[in-house]
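First the structure, in the form of structure tokens, and then the observations on it.
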Amino acid sequence: MQALVIAAHGSHLNPDASDPTYAHADTIRETGAFDEVREAFWKEEPHFREVIRTLESDEVFVVPLFISEGYFTEQVIPRELRLDDWDPDKWESDGTSASQATLEAEDVGKTIHYCGPVGTHDAMTDVIVQRAETATGDPDVGEGFGLSVVGHGTDRNENSAKAIEYHSDRIAERDRFDEVKALFMDEEPEVDDVTDYFESDDIVVVPLFIADGYHTQEDIPEDMGLTEDYRLGWDVPAAVDGHRVWYTGAVGTEDLMADVVLERAADAGADIGDAREAVRELAASAAESEPHAGAGAGD
Amino acid sequence: MTVATADLDDLLERASAGVSVDGLRVEEADDGYRLATPDDEWTGLDEDELRRALDAADEYVTNWRYWQERVGGEGTARRAFLRWCERAPLADAETGNATTGPWSESGEGDADAGEDPLAVPERYDALRDGIDREWGQLSITARFVDVDDPDGERVYDLWHVDDADTDLADLEVYDDPRDARELATYDGGGRYRPLKTAPTLPGGWAFTGLSGGDLVETVEFFYPATVANWHRELRGNLDVDHWLETAERQTGIYDVIDELPREAVAWMAEACCVDSQCLRRREWEYEEGDDLDVDGGDGPFPCREPCSLVVAAARKWTTLESEEEHTYELELTTSEINQLTELIDAVAEGRTDEIREADVYDGANRYRARYLRAKRFDDEGDLEATKVDD
């Protein structure tokens, strides 16, 4: 038997923080690729500390629903899962290239494949592009458009910015959008000045965050000048300094994220059959049927 | 009733390896089959004789089929929990391994551990009416699918303990375990419940006709990891992490919590970890051999380490406890100082919503609090008090 654990942050204060985790877990449950699928959290239950013991499977794939390699993925999750032999070097990562490490969970004697975070997987690039498609309602969006991938910034470690830049570079290489730029909340180049960095009239702004919350629904919309007050909501697109800014919510809420989770587990050796195809079809049909799925908080 | 031929075929197939469930034993020996139930024993049976004998012991056979073929999972928490649901003997509990909680020897006489398990005939009688169990605020009923002609197949119903006497027609009925997630997210007042085991689960819903697997999944969405930890306790291997171990493990913004004074840890446990606030039974102490002098609660499922809410709150208390104490001078009447006590008590007991609008006899009444503020606060909005120890 094989099990999938999606490890996310969760919240003591905001009931919506875990919604994307549940949604992606449910999508994967529907595929039947794993005998067991569990959500696990730092701030909700089941806690990282107690999730593995709820499983009957001997082989467990743990995929962190985090954006970058850093404090949570390198320290907190492995420690709380009791992966005693864990060392960040086992990922042999340059900051964005972690794939997986195979370890033993001390309290249960199970094999744990501890995967890199979803945020740095190559498939995440596709999710960002899909986000641009759903934000604009145009499956061919690109020509005449600039795309900005927005991240938190340094926070506790440099890898946070690396993940944002990694995907920006990959999207730029595709020559699909006229311009691509990585922007940050608390370091240069800052998202506040988004229109300074683009010549294109239309700019799609995709925040590389796992869940919607304070940053994506309050800070960033106000900082970019989409709205005076986040509680009033904002238009998609919103007119800012002669540009049209297409801003929706956290990329982590995109249906296609379930595919990234699956890929992480498959890279670590999980047998997922044709689950990826099923998830991709599901995500594509969802994207077509609700083009403005992520419209602003006030809409 | 007679036992389905397919079940008999399956049982015979397993007989060579030996069958032993709930008092039913079937073995294949050189001189033929041996069949035993708690009441009878037959030896030297040929296949036809065994089939006839098994047909007479139909309850044991259908019980075997349910537990071995349907539920399976020997040694798992899921199986143990489902057996607990119908008061079946718990193989793990009989070994007397448990060192803590209701399964330990010192816990004998406890409502759960002391309740005698039911043998197959008594259980079959009880399952026709349904066997009720309580798990936190969940009421679980195990019953036969077919009450008139039971074939051993069980299903489970689940609702809030407060809805035990509510007509099913008045409850919102669900059948997907995942629906429990949403039900467990908000309390009756629509507020977010960050602690799943807080005694604030609202009622008004029911899950009916769940399979055993779906029941456990549903219970685990309401109260995550409680079944696994209960099972560990039952087997005597609950791995309790006491306060100090948990605190010292923390890093980042929680790195400081191991500095929380011991007496503050006890106040914290009294504030957060009692039955009125959390249904888990606290098994962690200050450290091994150094118990906190606070009641840990009576719940069926154990709390094996301080949860994330306690850790987060401990950070705040660590900061607050690092402050020095001072002596203040302030003027209050006797009734006013009593009113402060009433105010703190009302908030601590969560009863501010219950205080009637015009009940000015209650010190925590809103008008009474506003009056005290008008009288005793200065222009900055602070209580008028003078520090006298500088």
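The values are calculated or read from the model by the stated rules, or taken from the named source; none is laboratory data. All values derive from a computational prediction rather than experimental measurement. Cβ atoms come from the backbone with ideal geometry, glycine included; neighbour counts cover every protein chain shown. Accessible surface areas use protein heavy atoms only, side chains included; no ligands, DNA or RNA. Shrake-Rupley method; radii C 1.70, N 1.55, O 1.52, S 1.80 Å.
For this structure, a couple of remarks:
- Residue within segment B:177-198 that is among the charged types (D, E, K, R), free of Cβ contacts under 8 Å to residues at least 24 places away in the same chain and touching a Ser or Thr at 6+ places or on another chain (Cβ under 7 Å) present: yes
- Where a residue in segment A:9-21 is more than 9 Å from every other protein chain (Cβ to nearest Cβ) and its partner, wherever it lies, is basic (Lys, Arg), with Cβ under 7 Å and at least six apart: A:HIS9/A:LYS43
- Of all residues in segment B:55-78 being of a type in the set (D, E, K, R) and within 23 Å of the chain's Cα centre (by Cα), the one that is modelled with the highest pLDDT: B:ARG78
- Contact map, segment B:348-366: first residue within 17 Å of B:GLY189 (Cβ to Cβ), second residue open to solvent by less than 40 Å² (accessible area, probe 1.4 Å) and among the acidic types (Asp, Glu), Cβ cut-off under 7 Å, separation 6 or more or different chains; pairs are B:ILE355/B:ASP362.
Table: residues versus (1) within 13 Å of chain B (Cβ to nearest Cβ); (2) surrounded by 21 or more Cβ atoms within 10 Å (Cβ to Cβ); (3) not aliphatic (A, V, I, L, M).
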position	(1), (2), (3)
A:PRO46	yes, yes, yes
A:LEU55	yes, yes, no
A:VAL62	no, yes, no
A:ASP84	yes, no, yes
A:VAL108	yes, no, no
A:ILE112	no, yes, no
A:HIS121	no, yes, yes
A:ASP126	no, no, yes
A:ARG131	no, yes, yes
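- Positions within segment B:16-50 being in contact with a Leu (Cβ under 8 Å, 6 or more places away or on another chain), of a type in the set (Gly, Ala, Ser) and more than 20 Å from B:PRO89 (Cβ to Cβ), in sequence order: B:GLY32
- Every listed requirement among (1) more than 9 Å from chain A (Cβ to nearest Cβ); (2) over 20 Å from B:THR185 (Cβ atoms); (3) assigned to a helix (DSSP H, G or I) is met by B:ARG232 save one, (1).
- Filtered residues of segment B:226-257 (kept if over 19 Å from the mean Cα position of the chain (by Cα) and of a type in the set (A, V, I, L, M, F, W, C)): B:TRP243, B:LEU244, B:ALA247, B:ILE253, B:VAL256, B:ILE257
- Selection of segment A:228-243 for residues being in a loop (DSSP other than H, G, I, E, B) and either open to solvent by 90 Å² or more (accessible area, probe 1.4 Å) or of a type in the set (A, V, I, L, M, F, W, C) (or both) yields A:GLU228, A:TRP234, A:ASP235, A:VAL236, A:ASP241.
- Of all the numbered requirements in (1) in contact with an Asp or Glu (Cβ under 7 Å, 6 or more places away or on another chain); (2) under 19 Å from A:ALA250 (Cβ atoms), A:SER160 misses one, and that requirement is (1).
- Output for segment A:22-33, where each listed residue is more than 10 Å from every other protein chain (Cβ to nearest Cβ) and surrounded by fewer than 19 Cβ atoms within 10 Å (Cβ to Cβ): A:ALA23, A:GLU30, A:GLY32
- Scanning segment A:87-99 finds no residues that are buried (at least 21 other Cβ atoms within 10 Å of the Cβ) and out of contact with any Ser or Thr (no Cβ under 9 Å at 6 or more places or on another chain).
- Residue within segment B:257-267 that is among the basic types (Lys, Arg) and within 14 Å of another protein chain (Cβ to nearest Cβ) present: no
- The set of residues from segment B:290-307 being over 18 Å from the mean Cα position of the chain (by Cα) and either within 11 Å of another protein chain (Cβ to nearest Cβ) or open to solvent by 80 Å² or more (accessible area, probe 1.4 Å) (or both) comprises B:ASP291, B:ASP293.
- Filtered residues of segment A:21-75 (kept if of a type in the set (Phe, Trp, Tyr) and within 23 Å of A:ARG276 (Cβ to Cβ)): A:TYR22, A:PHE34, A:PHE61, A:PHE66
- Filter result (farther than 20 Å from B:GLU305 by Cβ, aromatic (Phe, Trp, Tyr) and either over 21 Å from the mean Cα position of the chain (by Cα) or part of a strand (DSSP E or B) (or both)) within segment A:54-105: A:PHE61
- Selection status of A:ALA33, in a loop (DSSP other than H, G, I, E, B), at pLDDT below 95 and either not charged (D, E, K, R) or not assigned by TED's automatic domain parsing to the domain that holds A:VAL279 (or both): no
- Annotation: A:LYS43 fulfils all but one of (1) closer than 21 Å to B:CYS307 by Cα; (2) assigned to a loop (DSSP other than H, G, I, E, B); (3) in contact (Cβ under 8 Å) with a residue 40 or more places away in the chain; the unmet one is (3).
- For segment A:244-277, residues that are surrounded by fewer than 21 Cβ atoms within 10 Å (Cβ to Cβ), assigned to a helix (DSSP H, G or I) and out of contact with any Asp or Glu (no Cβ under 7 Å at 6 or more places or on another chain) total 3.
- Tally of residues being more than 8 Å from chain A (Cβ to nearest Cβ), in contact with a helix residue (DSSP H, G or I) (Cβ under 9 Å, 6 or more places away or on another chain) and open to solvent by 30 Å² or more (accessible area, probe 1.4 Å) across segment B:184-194: 1
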